[in-house]
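First comes the structure, then the notes that go with it.
The values are calculated or read from the model by the stated rules, or taken from the named source; none is laboratory data. A quick note: this is a predicted structure, and the numbers were derived from the prediction, not measured. Using ideal geometry, Cβ is built from the backbone for each residue, glycine included, and neighbour counts are taken over all protein chains shown.
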Amino acid sequence: MASSEWTLVIFTITTQMCAGTFIMAKVLPMFAGGGRDPELTRANDSVSLFMAPLLVVAMLISLLHLGTPTNAINTVRNIAVSPLSWEILAGGLFTGLVCLLALAQWQGIGSESLRRGIGWLVVLSGVAMVVSMTLVYTLRTVPVWNSMLTPIQFSVATLLLGTLAWSAILAALVKKQSMVLQRVWRIAAVVTLALLGVKLVTLPIAIAGLAVDSETGLASVRTMSDQLGFSMLLKLVLAFAGAGFGALVLYRNVFREEGNTATGIYIAFGLVLIAEVVGRSVFYASYVRVGLLN
Amino acid sequence: MLKMKQPTFYLDLSLCTGCRTCMIACKDRWDLKKGVNWRRVTEYAGGDWKKDGNTYLQSVFAYFLSISCNHCEKPICVEKCPTTAMHKRDDGVVLIDPDKCIGCRYCEWACPYGAPQYDEELGKMTKCNFCVDYLEKGGSPACVASCPNRALHYGELEDLKKRFGGTSDIAPLPDPVLTLPNLLLVPQKDARPWDSDDGRISNPEEG
């Protein structure tokens, strides 16, 4: 299944990364304390300009997964009970709001308060999208997905990629360090390490639980170890290296000095992105359903 | 709309030889393409030979299940379909509306019986529709009419239960609690319960 689900790998990783970027852009500076930093504000205001095109491309790529994309307008009809309808609605809302915010930032439309308000709506819709994506995969007939593995992997991917993507955007745009920004980098470093820790501790526990829960769960675990063992190891090594290196670079403060340290955060982000893409491929390839085969 | 409350397939496992005439009749009736099988025959087999003193005792068993769509009481496909293309009618039949289907294959991921089948040429999901057009004219589903051993029948759920009993709790089918399938199977002597690990599907390549 892994190779045929590449469209979903790209779609879920990109949209979760975008949601995480907006979450971190809003939340992390709140913990930095102190006054508002004009450089940070200016960089934050530009996040939507980076994310809007990525989201539009991701949404278009998701249409490639459909056999009949021309019927896509029907996808919100089962909003009463289908998690996939919820995901499409939330994803569409998130993408629309991000594009609106990007346009407002670019053209200077509306007041700062209005744009900040839209920013919060973007965060809320992004969270709703990630939650509904998680619910899409919690199928009672697919034990490996209907386990703690799904919410752990999706939420960690969202926040870890979001932290590093946001840090990379700041590193690209910020011209001058400030005390506030230094605090923000350090908080981002701690968050990065904490998320890596969550992943390393909870995933083995979740996989072990899956192995004892059901025959079908065990079949998925066997698939992961026998056929996907290298991919899982690669994902772990890249995540560890990327997040660890990223946390170090962030803690020692990313600032523009001939681009050296900024390059460090780009490398860290790249390593973690590859790790998450590999991990998501493993997620889809580990699909085993109860009952009869197709 | 059918006059039945819930049409149901009924299969006597002691009569089914796995000949797959039902499968071929369905493919022929609906002109299904290669790889699209609205009815599938699964062989479940197990057992072993064990030394007992100077001789060997065997517990080898095998039986066949001919399964299409069970038009479940709690159809997970209907629940998950984002477009409502998959829907359960008032007469109990679960159908796909091709005008709404986007071919996302979410129902295929979800259904534990493998009922929804993706038609690559159409770009949409397809599945057993109980030959409702035949039933509306007083006929039988193509699979039932073709069964040479008269193992496969259909009828009103409550009527079949009263006349023959039957269960859907048979391996390698999944736990019936998941979707409440409207399917009645008369077990043969070696039939195992759904959660048995005594046997394995012998023809996984057929699905």
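For first residues located in region A:139-154 and within 14 Å of chain B (Cβ to nearest Cβ), partners that are surrounded by fewer than 21 Cβ atoms within 10 Å (Cβ to Cβ) and basic (Lys, Arg) and lie 6+ apart or on another chain with Cβ distances below 6 Å form the pairs A:Asn146/A:Arg140. Going through (1) at the interface with chain B (Cβ under 9 Å from one of its Cβ atoms); (2) of a type in the set (A, V, I, L, M); (3) more than 17 Å from A:Thr12 (Cα to Cα) one by one, A:Ile88 falls short only on (3). Within region B:26-51, track down each residue that is over 13 Å from the mean Cα position of the chain (by Cα), of a type in the set (Lys, Arg) and within 26 Å of B:Leu15 (Cβ to Cβ). Those that are over 13 Å from the mean Cα position of the chain (by Cα), of a type in the set (Lys, Arg) and within 26 Å of B:Leu15 (Cβ to Cβ): B:Lys27, B:Arg29. Among the residues of region A:205-251, just one is β-branched (Val, Ile, Thr) and in contact with a Gly (Cβ under 7 Å, 6 or more places away or on another chain), namely A:Val249.
If the condition is being assigned to a helix (DSSP H, G or I) and more than 11 Å from chain A (Cβ to nearest Cβ), then region B:90-135 contributes B:Val132, B:Asp133, B:Tyr134, B:Leu135.
With the requirement that a residue be charged (D, E, K, R), closer than 30 Å to A:Val142 by Cα and buried (at least 17 other Cβ atoms within 10 Å of the Cβ), what does region A:173-218 give you?
Hit for region A:173-218 is A:Lys199, nothing else.
Test B:Ala25 against the stated conditions and say whether it is touching a strand residue (DSSP E or B) at 6+ places or on another chain (Cβ under 8 Å), surrounded by fewer than 22 Cβ atoms within 10 Å (Cβ to Cβ), in contact (Cβ under 8 Å) with a residue 12 or more places away in the chain and not basic (Lys, Arg). Judged against the criteria, B:Ala25 is not a match.
Can you spot a residue in region B:60-80 that is within 14 Å of chain A (Cβ to nearest Cβ), closer than 28 Å to A:Met133 by Cα and aliphatic (A, V, I, L, M)? Checked region B:60-80: at least one residue is within 14 Å of chain A (Cβ to nearest Cβ), closer than 28 Å to A:Met133 by Cα and aliphatic (A, V, I, L, M). Going through (1) touching a helix residue (DSSP H, G or I) at 6+ places or on another chain (Cβ under 8 Å); (2) of a type outside the set (S, T, N, Q); (3) on the phi > 0 side of the Ramachandran plot one by one, B:Gly138 falls short only on (1).
Looking only at region A:248-280, count how many residues are of a type in the set (Gly, Ala, Ser), modelled with pLDDT under 90 and touching a helix residue (DSSP H, G or I) at 6+ places or on another chain (Cβ under 7 Å).
From region A:248-280, those of a type in the set (Gly, Ala, Ser) are A:259, A:262, A:264, A:268, A:270, A:275, A:279; that's our starting set.
Next cut, modelled with pLDDT under 90 only: A:259, A:262, A:264.
Then drop every residue that is not touching a helix residue (DSSP H, G or I) at 6+ places or on another chain (Cβ under 7 Å), which leaves A:262, A:264.
The qualifying residues number 2.
Within region A:69-90, the set of residues being surrounded by 21 or more Cβ atoms within 10 Å (Cβ to Cβ) and in a loop (DSSP other than H, G, I, E, B) comprises A:Asn78, A:Ser82.
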